[in-house]
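The block underneath contains the structure these notes are about, expressed in structure tokens.
The values are calculated or read from the model by the stated rules, or taken from the named source; none is laboratory data. Here the structure is a predicted model, which is why all the values come from computation and not from measurement. Here the Cβ is made from the backbone with ideal geometry for all residues, glycine too, and neighbour counts use every protein chain on show. Calculation scope for accessible area: heavy atoms of the full protein, side chains included, ligands and nucleic acids excluded. Shrake-Rupley method; radii C 1.70, N 1.55, O 1.52, S 1.80 Å.
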Amino acid sequence: MKVLLATSLHGGGPVEHALTLAGALTAAGVEVEASCGDTELAERFAAAGATPHVLPLERSADPGGAKRLAELAREVDVVHAQDRRTGLLTRLWRPDGTPRVYTVHGLPDPYLPIPANAGRRPGLRNQLAYRGLDAWLARRSDALVVASHALADQLQRRLGFPAGRMEVIPNGVEPLPVTTGGELVASISMLEPVKGLDAFVRAAANLKNKGEVDGARFQIVGSGGAAAELRELAASLDAAVEFPGHVPAPEVLSRLRIFVLTSWFENCPMALLEAMMAGVPAVVTGVGGVPELVADTALVVPPGAPDALAAALRRLLADPGLAADLGARARERALANFTAERNARSLIDLYSRII
């Protein structure tokens with residue numbers, strides 16, 4: 001079996017998932033081709049065992065890119081698009097008979113349950129783009145892969161995606177060594193409004209002001225459009241939150257004491273799965289697909305609630321036994337349910353059925 005993993009992004013969860021999937025599919029005997037946006041990603045796909053094709057797609061209306069993707073599609077058994085742009089181009093124009101699979105990683109921005117969208121209905125243009133074009137493309141897909149039941153429900157109810165085309169297959173990560181003795185209380189995330197990271201900054205300030213840090217360092221690891229605003233907030237609150245930018249996940253995981261997720265909505269976040277796999281205790285918001293991942297292996301708080309977040313962090317910092325128990329049970333759950341091998345086997349079964 002030969003599969004094309006089509007990507008256009010230069011970073012973030014969908015790209016990391018595609019790289020992990022490429023390695024797991026290759027290990028299972030699948031021949032993997034991968035289209036990607038730059039040479040650095042091409043090198044990472046090659047290291048994962050895939051044959052890379054550098055194909056920059058900087059806009060959705062890209063006839064040349066669509067043509068090149070169609071040429072690649074003729075040489076494989078299945079095309080699996082990994083982001084909205086490649087999903088559009090591979091399904092809008094189908095001159096060949098190769099089956100199309102599309103992984104939906106999240107909700108469109110106008111439909112996200114963030115404070116900026118509260119009480120606002122998506123405008124006509126967005127409704128035409130997402131309830132119109134996206135729903136139509138969903139019906140042109142041979143299968144839609146969704147990593148959580150929560151997202152599948154949202155896509156069906158709010159965007160009109162066909163339930164019969166959706167396959168819920170959780171993401172997976174490679175087994176990792178157990179982290180011990182870390183000093184970081186950190187979030188690993190794109191720095192965007194949906195991530196709710198202002199609550200992290202306010203909680204860190206709360207703990208610092210009350211002298212309850214217990215030797216921990218607070219970091220927000222990643223980059224994005226909200227970075228400057230978050231830095232200004234941290235400075236105004238004297239929160240002592242560090243912003244190291246993008247750091248390779250293994251470097252951060254090896255230093256974690258507590259993983260923090262503060263999002264307003266999530267599907268199946270790779271950073272959380274990696275923290276679970278490394279046995280790191282977590283405090284998370286109970287949104288989207290997060291409860292499906294953690295079950296009872298993390299402390300859960302509401303989104304946008306820095307006082308509740310600070311209380312949960314205080315509890316873990318003060319109780320090493322609880323932190324160790326949560327981390328061990330999270331790792332056990334990840335090894336049983338969320339490995340890259342398990343994800344790849346489920347997708348191979350899906351590919352075989354639609355072929």
Margin query: Looking only at segment 327-355, count every residue that is more than 18 Å from G182 (Cα to Cα) and open to solvent by less than 70 Å² (accessible area, probe 1.4 Å) and tell me the total.
Written below: 16
Item checked: Evaluation of V213 against (1) farther than 26 Å from L293 by Cα; (2) crowded, with 19+ Cβ neighbours inside 10 Å; (3) modelled with pLDDT under 95; (4) of a type in the set (A, V, I, L, M, F, W, C) (one fails), failing number -> (2)
Margin query: Looking only at segment 216-260, count every residue that is surrounded by 13 or more Cβ atoms within 10 Å (Cβ to Cβ), of a type in the set (A, V, I, L, M) and out of contact with any helix residue (DSSP H, G or I) (no Cβ under 8 Å at 6 or more places or on another chain) and tell me the total.
Written below: 3
Item checked: Hey, V221 β-branched (V, I, T) and under 17 Å from L317 (Cα atoms) or not -> no
Next item on the list: Test G288 against the criterion of being modelled with pLDDT under 95, outside any helix (DSSP H, G or I) and not aromatic (F, W, Y), and give yes or no.
Entry: no
Next item on the list: Might you let me know whether segment 199-207 holds any residue that is in contact with a Leu (Cβ under 9 Å, 6 or more places away or on another chain), surrounded by fewer than 21 Cβ atoms within 10 Å (Cβ to Cβ) and in a strand (DSSP E or B)?
Entry: no
Check: Only one residue in S187, S148 is at pLDDT 95 or above, out of contact with any Ser or Thr (no Cβ under 9 Å at 6 or more places or on another chain), surrounded by 15 or more Cβ atoms within 10 Å (Cβ to Cβ) and among the polar types (S, T, N, Q), so which one is that?
Finding: S148
Note to self: Exactly one condition in (1) open to solvent by 60 Å² or more (accessible area, probe 1.4 Å); (2) assigned to a loop (DSSP other than H, G, I, E, B) is false for K67; which is it?
What the structure shows: (2)
Margin query: I need every pair where a residue in segment 296-325 that is farther than 17 Å from K195 by Cα and free of Cβ contacts under 8 Å to residues at least 60 places away in the same chain has its Cβ under 6 Å from the Cβ of a residue that is part of a helix (DSSP H, G or I) and open to solvent by less than 50 Å² (accessible area, probe 1.4 Å), sequence separation at least 6 or different chains.
Written below: T297/L326; T297/A330; L299/A312; L316/A323
Notebook entry, point to check: Taking the stated definitions as given, is A324 among the hydrophobic types (A, V, I, L, M, F, W, C), open to solvent by 30 Å² or more (accessible area, probe 1.4 Å), more than 30 Å from A116 (Cβ to Cβ) and in a helix (DSSP H, G or I)?
Noted result: yes
Checklist line | Residues of segment 9-30 that turn out to be surrounded by fewer than 21 Cβ atoms within 10 Å (Cβ to Cβ) and over 23 Å from I188 (Cα atoms), as a count | finding: 4
